[in-house]
Amino acid sequence: MTDESNQPPQRDVTHLLTRLAALLPGWASELGFQELGIADAEVGEHAAHLDAWLERNRHGTMSYMTRHAHLRAQPDLLQQGTRRVISVRMDYLTDTDTPLDASPRAYVSRYALGRDYHKVLRGRLRKLQQRMEAWVTEHELPYAGSRPFTDSAPVLEKALASNAGLGWIGKHTLLLNQHAGSWFFLGEILTSLELPVSQPTATNRCGSCQACIDICPTDAIVAPYELDARRCISYLTIEHRDSIPIEFRRAIGNRIFGCDDCQVVCPWNRYAAFTGERDFQPRNELDTAALLTLFNWTEAEFDSASAGSAIRRAGYEGWLRNLAVALGNAPWEERIEATLRSRRAEATPLVREHIDWALAEQTARRGAA
Ligand code: B12
Ligand code: SF4
């Protein structure tokens, strides 16, 4: 039934939006998402936390965090007419076990072992959006547009997901879900549809636990819920383009791309399920590779292995820099020392400086062995 303006009456609109909201979780599940929730487009006190974080320069050299800061806190400015945020999560943990710290094997953080999650989530979110739009058209709902995001635009994803009932922000600053832990990605669709909102996650279940703060190798969680990115191994090995400060190099151990310690130790991750997603299964043996094998990759080999993978973000120079640090931390081996020496001459000044550090560490260990 429609009125003179060809729009369904408001009571029908409300009814249809409620029906649509009930259909969305099932559609999301068919697309491989584990959970979906709906929130309004407000981030509340999170906007002030973001401002304080930026003022203290905790973002380091991630200048993209400052560039669109005002948009992060106001999704309706990012996509005009946004009234709701549909938040989803997708689990990524695979059944892999890599030794940490002084190991001749590389530790690549679990999120980066398989296909780049940006590509996976963006594709699935588009499909969800298309299905939703087809339903909206079929039911002649008033509609001004939607836009999918996953870490691809300035949005405070954890704050929005928490408002949508997907979990609470833990002391390590990641989103935690009482049934699923934290090994999942977030994505969202900003939409003009005034869908009924989900119950926000009101309870923070971290309690007195501070295992993540205690385990962090570089003391990056400077206070509960406050991360100084400049100290975080994830930042140092992925986002930071320059020399890795000496004070953090030993603590980095064999973590050559990202870090998971604060998640590994979190008791809530007992409830995390392994993903069945083929896209997230390890590629190029990144879960078992020896540091030396990865350090010996040529630029062409890195380009080929990193195609469609999150590791590409480090760039070849960053990759070698990180591996040099990890080789410096590995148990002494003749061939490690020899390989570091052999690659020194051709290295860029940045990588050479890290090789020199690694050689000094290896030589000292040889002396002690
Ligand atoms: C920048 C960034 C980083 C930076 C900085 C991390 C950070 N905590 O900000 C670096 C490079 C270090 C990083 C690392 C990682 N990241 Co990251 N990152 C982001 C990004 C792009 C923005 C995060 C952001 O807005 N930071 C701004 C600051 C202000 O926020 P915050 O530190 O989270 O603080 C919040 C709260 O703690 C609270 N708060 C702040 N101060 C205070 C003080 C008090 C007293 C209180 C009560 C609250 C409070 O308010 C803040 C705003 O909500 C998001 C994607 C997105 N667009 O949201 C992904 C994202 C957070 N990252 C993600 C992942 C997977 C990781 C890593 C696990 C990857 C890895 N294995 O190496 C690590 C984990 C490190 C960690 N402990 O957080 C996922 C997290 C999924 C989840 N379950 O939560 C996201 C959501 C990407 C995605 N789409 O899935 N990341
Ligand atoms: S990812 Fe690693 S370095 Fe960063 S806060 Fe967590 S434990 Fe600390």
Item to check | Checking Lys171 against (1) within 16 Å of ligand 2 (Cβ to nearest atom); (2) surrounded by fewer than 21 Cβ atoms within 10 Å (Cβ to Cβ); (3) not in a strand (DSSP E or B), the condition it does not meet | outcome: (2)
Item to check | Tally of residues being in contact with a Gly (Cβ under 7 Å, 6 or more places away or on another chain) and under 21 Å from Leu286 (Cα atoms) across region 327-366 | outcome: 1
Item to check | Selection within region 229-243 - more than 9 Å from ligand 2 (Cβ to nearest atom) and in contact with a Lys or Arg (Cβ under 7 Å, 6 or more places away or on another chain) | outcome: Arg230, Thr237, Ile238
Next on the checklist: For region 318-347, which positions are without any contact (Cβ under 8 Å) to a residue 60 or more places away in the chain and of a type outside the set (Gly, Ala, Ser)?
Outcome noted: Leu320, Leu327, Trp332, Glu334, Arg335, Glu337, Thr339, Leu340, Arg341, Arg343, Arg344, Glu346
Checklist entry - Can you name the residue in region 95-152 that is among the polar types (S, T, N, Q) and touching a residue at least 40 places away in the same chain (Cβ under 8 Å) and is also farthest from Glu285 (Cα to Cα) among such residues? => result Ser146
Checklist entry - Given the structure, is Ala41 away from ligand 2 (no atom under 16 Å from the Cβ), loosely packed, with under 13 Cβ neighbours inside 10 Å and hydrophobic (A, V, I, L, M, F, W, C)? => result no
Checklist entry - Which residue pairs have Cβ atoms under 8 Å apart, sit 6 or more places apart or on different chains, and have a first residue in region 229-243 that is assigned by TED's automatic domain parsing to the domain that holds Gly253 and a second that is among the aromatic types (Phe, Trp, Tyr) and part of a loop (DSSP other than H, G, I, E, B)? => result none
Checklist entry - Of the residues Thr275, Thr218, which is in a loop (DSSP other than H, G, I, E, B), modelled with pLDDT of 95 or more and away from ligand 2 (no atom under 12 Å from the Cβ)? => result Thr275
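The values are calculated or read from the model by the stated rules, or taken from the named source; none is laboratory data. Because the structure is predicted, anything quoted here is derived from the model rather than measured. No Cβ is skipped: glycine too gets one built from the backbone with ideal geometry, and neighbour counts run over all protein chains shown.
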